[in-house]
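Only one structure is covered here, and it is reproduced in the block below.
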Amino acid sequence: RRVTAIHKANVMKRSDGLFLEAVHTVALDFPEVTLDDVLVDAMAAWLVRAPQRFDVIVAGNLYGDILSDLASELSGSLGLAGSIMAGDTLCAAQAQHGSAPDIAGQDMANPLAWLLSLAMALRFSFGMEAEAAMIETAAKNVLDGGLRTADIMQPGKAKVSTTVMGEAITRELEKQAG
């Protein structure tokens, strides 16, 4: 019911001004949706202070990437954030943290972001609600059981490898499958 466009048109007059013009043009086709806009720096503060205030946020790649990383960390870690890039009928799944090349091959990446992205893609592209829910439940059960990869900042919790986390998720999925 509400879309918030993120910009810095007060400084980036041409590029962000064009973005706002395009957003307002598209909004004319959806009179039932309330459109507002917020400067990107103010939005960072609002996401920390009152994230529930927002329904849908639309932003260019740079602002969207920065704000989604902020929101992911507020929830516990980039490694917990699933992500899809969606069109009208297709989507591409990607872990919020991207490919994490700085830790490639070190068995320390959190596989949950990718698995939660897969769940989102299954639901969006194929209507596979039950399968998506199984993945989400497995992730929740493993986290509720206390397993944490190194990216999740929780004192007193043991840090496990990508492999150990993946094996735990697999066991949870096998339990659900019966």
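The values are calculated or read from the model by the stated rules, or taken from the named source; none is laboratory data. What you see is a predicted model; the values in this text were computed from it and never measured. Cβ sites come from the backbone with ideal geometry, for glycine too, and all protein chains shown count toward neighbours. The area values use the complete protein model at the heavy-atom level, side chains included, leaving out ligands, DNA and RNA. Shrake-Rupley method; radii C 1.70, N 1.55, O 1.52, S 1.80 Å.
The figures follow:
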| item | result |
| --- | --- |
| Count of segment 53-99 residues which are hydrophobic (A, V, I, L, M, F, W, C), under 14 Å from the mean Cα position of the chain (by Cα) and assigned to a helix (DSSP H, G or I) | 7 |
| Residue in segment 136-145 that is surrounded by 12 or more Cβ atoms within 10 Å (Cβ to Cβ) and assigned to a loop (DSSP other than H, G, I, E, B) present | no |
| Within segment 58-86, tally of residues that are hydrophobic (A, V, I, L, M, F, W, C), under 27 Å from Ser15 (Cβ atoms) and open to solvent by 70 Å² or more (accessible area, probe 1.4 Å) | 3 |
| Any hit, segment 131-141, residues being in contact with an Asp or Glu (Cβ under 8 Å, 6 or more places away or on another chain), more than 30 Å from Ala22 (Cβ to Cβ) and without any contact (Cβ under 8 Å) to a residue 24 or more places away in the chain | no |
| Segment 100-110, subset farther than 14 Å from Lys159 by Cβ and assigned to a loop (DSSP other than H, G, I, E, B), residue least open to solvent (accessible area, probe 1.4 Å) | Ala100 |
| For Thr89: the one exception among (1) of a type outside the set (A, V, I, L, M); (2) at pLDDT below 90; (3) closer than 30 Å to Val142 by Cα; (4) open to solvent by 40 Å² or more (accessible area, probe 1.4 Å) | (3) |
| Hey, Val11 free of Cβ contacts under 8 Å to residues at least 40 places away in the same chain and β-branched (Val, Ile, Thr) or not | yes |
| Residue within segment 118-133 that is polar (S, T, N, Q), more than 30 Å from Ser15 (Cβ to Cβ) and open to solvent by less than 30 Å² (accessible area, probe 1.4 Å) present | no |
| Subset of segment 10-52 [open to solvent by 70 Å² or more (accessible area, probe 1.4 Å), part of a helix (DSSP H, G or I) and more than 22 Å from Gln96 (Cα to Cα)] | Leu18, Glu21, His24, Thr25, Val26 |
| Set Asp102, Asp69, Asp107: member being modelled with pLDDT of 85 or more and under 24 Å from Val3 (Cβ atoms) | Asp69 |
